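Colleague: One structure is given below, represented as structure tokens, and several questions about it will come after.
The values are calculated or read from the model by the stated rules, or taken from the named source; none is laboratory data. Everything numeric here is computed off the predicted structure, so don't read it as measured data. Neighbour counts are summed over all protein chains in view; Cβ atoms, including those assigned to glycine, are modelled from backbone coordinates with ideal geometry. To get the accessible areas, we keep the full protein, side chains included, count just its heavy atoms, and leave off ligands, DNA and RNA. Shrake-Rupley method; radii C 1.70, N 1.55, O 1.52, S 1.80 Å.
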Amino acid sequence: MRVDSVLLVDDEVEFVQTLAERMRARGLDVEYVTNGQDAIESARAKTYDAVVLDVAMPGMNGIETLKILLQDHPDLQIMLLTGQATIGDAVEATKLGAVDVLAKPTDIETLVEKIREARKARLSLEEKHALDEIDRIMSTKGW
Amino acid sequence: MSGSQSRRKRNESLAFFGTMIAGQSHELTNVLNIISELAGLQHDLLKAGDDDRPVDLSRLQEVASRIKNQVDRGETIIRNTNQFAHSVDLPVAVFDLKEAIDRVLFLAERSARLAQVELISRVPEESMALENNPFSLQQAVFICIDLALRSATDERRVTVGYSLGEDGAEIRIVSADTVSHDDPVTDKLGFLGLLLADLGGVLVKGPGEEPHNAFVLHLPLHPGGSSASDEPVRG
């Protein structure tokens, strides 16, 4: 069975390394990068079930990265995990399409559960798009 | 200083104080988040024992040492923040210029990291006693660093150092890139001039002059100025 895949994006290397190790121990396929530009490139190279994104990062911040990731992959399940989010950040991220905004430190079991839910949501969106495409083809053929 | 200048100084000082404290609270939050994950990892490693698997003692030791490193990092943040907060205690005090500049560099490191600029210290090893307003001095140096960070383009390096001149200290903030002109709305350079006048100092060279990449601040050893016979206190 395919395991849930997740991309962690956080500029605090020690934090993201440790979180990745703990998530792998729980059976997830985890990769991490430390900036927004690398996150965009990784998401173009591989399909992830979820992306867990920090907000305050050097260069491109989490909100800017979120916008580009969702432009590239509208169905991508992105959650913000931040120690510094304001209510304004949370509202903006949700309006832009983030599925969740979590505060650091978060309970690892909760985070893993949210990633598993994200995978289900992504798969149902894929299924919906496939059915819509079948409907579209059938209607163009007059069936 | 006129009433509007005094109001501006008060507002700018409060904003500077808030920016520094908020930045360090974010840094401390990062430290605590790392410690939280490392403690979680220790817990995960110990749980192996519950499942009759051998507990990896060397890994536990490694994680404990990483926690200690983060505690040290946190202590440094708290020490610098505390010293910075106390720099408002007295309007004029005898303080070590080296410590004050080192502290500004430490506090500005977060801004530099987020701006992807390397902040380089060329601060001499020896101490230099100065009698002045330590908070305003830190604010003046930070304004220069901040303008240099905001203007960084290609090289993305800013160097900060000082030397002892005949009648005071000369602080230099030099960017490897051209420092673009100040935003006329915020007019930080205008405010820098005001701060320096209050400190009895002067902006010897600003980014408006060739090669448009450096600030040179001159400060007397004492608030009322000093003569060449004044001997700096060296540590």
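Colleague: Within region B:173-188, work out how many residues are in a loop (DSSP other than H, G, I, E, B), hydrophobic (A, V, I, L, M, F, W, C) and in contact with a helix residue (DSSP H, G or I) (Cβ under 8 Å, 6 or more places away or on another chain).
Modeller: So the answer is 1.
Colleague: Let me ask you something else. Test residue B:77 against the criterion of being over 24 Å from residue B:36 (Cα atoms) and either hydroxyl-bearing (Ser, Thr, Tyr) or touching a Phe, Trp or Tyr at 6+ places or on another chain (Cβ under 9 Å) (or both), and give yes or no.
Modeller: Taking the combined requirement at face value, the residue does not satisfy it.
Colleague: Still on this model: Just to be sure before I move on: is residue B:179 in the same structural domain as residue B:139 (by TED's automatic domain parsing), modelled with pLDDT of 95 or more, surrounded by 13 or more Cβ atoms within 10 Å (Cβ to Cβ) and within 23 Å of residue B:112 (Cα to Cα) in the structure I sent?
Modeller: Answer is no for this residue.
Colleague: Further question: With the checklist (1) in contact (Cβ under 8 Å) with a residue 24 or more places away in the chain; (2) within 14 Å of another protein chain (Cβ to nearest Cβ) in hand, flag the one item residue A:92 doesn't pass.
Modeller: It fails just one condition, (2).
Colleague: Among residues belonging to region B:189-203 that are assigned to a helix (DSSP H, G or I) and open to solvent by 50 Å² or more (accessible area, probe 1.4 Å), point out the one that is farthest from residue B:6 (Cα to Cα).
Modeller: The qualifying residue farthest from residue B:6 (Cα to Cα) is B:197.
Colleague: Let me ask something else. Just to check your reading of the model, which residue among A:74, A:58 is modelled with pLDDT of 90 or more, open to solvent by less than 40 Å² (accessible area, probe 1.4 Å) and not hydroxyl-bearing (Ser, Thr, Tyr)?
Modeller: Residue meeting the stated conditions: A:58.
Colleague: Now for a separate question. Please find, among B:107, B:119, the residue that is hydrophobic (A, V, I, L, M, F, W, C), away from chain A (no Cβ under 14 Å) and within 30 Å of residue A:60 (Cβ to Cβ).
Modeller: Just one listed residue meets the conditions, B:107.
Colleague: Can you pull out every residue in region B:89-98 that is loosely packed, with under 14 Cβ neighbours inside 10 Å and either acidic (Asp, Glu) or assigned to a loop (DSSP other than H, G, I, E, B) (or both)?
Modeller: Across region B:89-98, the qualifying residues are B:89, B:90, B:91, B:92.
Colleague: As an exercise: evaluate residue A:63 against (1) out of contact with any Leu (no Cβ under 8 Å at 6 or more places or on another chain); (2) within 14 Å of another protein chain (Cβ to nearest Cβ); (3) closer than 18 Å to residue A:98 by Cα and give the number of the one condition it does not meet.
Modeller: Here residue A:63 clears every test but (1).
Colleague: Follow-up question, since we're still on this one. Check whether at least one residue in region A:94-105 is charged (D, E, K, R) and within 19 Å of residue A:15 (Cα to Cα), and report yes or no.
Modeller: Scanning region A:94-105, I find at least one residue that is charged (D, E, K, R) and within 19 Å of residue A:15 (Cα to Cα), so the answer is yes.
Colleague: Could you list, in sequence order, all residues of region B:32-79 that are under 19 Å from residue A:105 (Cα atoms) and among the polar types (S, T, N, Q)?
Modeller: Selection gives B:33, B:36, B:42, B:69, B:70.
Colleague: A further question on this structure: What are the pairs with Cβ atoms under 7 angstrom where one residue, in region B:178-197, is closer than 17 Å to residue B:136 by Cα and the other, located anywhere, is outside any helix (DSSP H, G or I) and open to solvent by 50 Å² or more (accessible area, probe 1.4 Å)? Sequence gap at least six, or different chains.
Modeller: The qualifying pairs are B:192/B:203; B:193/B:203; B:196/B:202; B:196/B:203.
Colleague: Could you tell me which numbered condition residue B:130 fails, if it satisfies all but one of (1) of a type in the set (A, V, I, L, M, F, W, C); (2) part of a strand (DSSP E or B); (3) away from chain A (no Cβ under 14 Å); (4) free of Cβ contacts under 8 Å to residues at least 60 places away in the same chain?
Modeller: Single failed check for residue B:130: (4).
Colleague: Say whether the condition of being in a helix (DSSP H, G or I) and surrounded by fewer than 19 Cβ atoms within 10 Å (Cβ to Cβ) is met by at least one residue in region B:99-106.
Modeller: yes
Colleague: Continuing with the same structure: Taking interchain pairs and intrachain pairs at least six residues apart, which have beta carbon atoms under 6 angstrom, with the first residue in region B:23-38 and at the interface with chain A (Cβ under 7 Å from one of its Cβ atoms) and the second outside any helix (DSSP H, G or I)?
Modeller: These pairs meet every condition: B:26/A:84; B:29/A:83; B:30/A:12; B:33/A:83; B:33/A:104; B:33/A:105; B:36/A:105.
Colleague: Mind listing whichever residues of region A:77-109 are open to solvent by 40 Å² or more (accessible area, probe 1.4 Å), within 17 Å of residue A:119 (Cβ to Cβ) and of a type in the set (Val, Ile, Thr)?
Modeller: A:99 - this is the single residue of region A:77-109 that is open to solvent by 40 Å² or more (accessible area, probe 1.4 Å), within 17 Å of residue A:119 (Cβ to Cβ) and of a type in the set (Val, Ile, Thr).
Colleague: Moving on. Does residue A:53 fit the bill of being free of Cβ contacts under 8 Å to residues at least 40 places away in the same chain and under 26 Å from residue B:113 (Cα atoms)?
Modeller: Against the criterion (free of Cβ contacts under 8 Å to residues at least 40 places away in the same chain and under 26 Å from residue B:113 (Cα atoms)), residue A:53 does not qualify.
Colleague: Let me ask something else. Between B:125, B:170, B:166, which is open to solvent by 40 Å² or more (accessible area, probe 1.4 Å), in contact with a helix residue (DSSP H, G or I) (Cβ under 9 Å, 6 or more places away or on another chain) and in the same structural domain as residue B:216 (by TED's automatic domain parsing)?
Modeller: B:125
Colleague: Let me ask something else about it. When only residues in region A:21-48 that are hydrophobic (A, V, I, L, M, F, W, C) and more than 10 Å from chain B (Cβ to nearest Cβ) count, which is nearest to residue A:116 (Cα to Cα)?
Modeller: A:28
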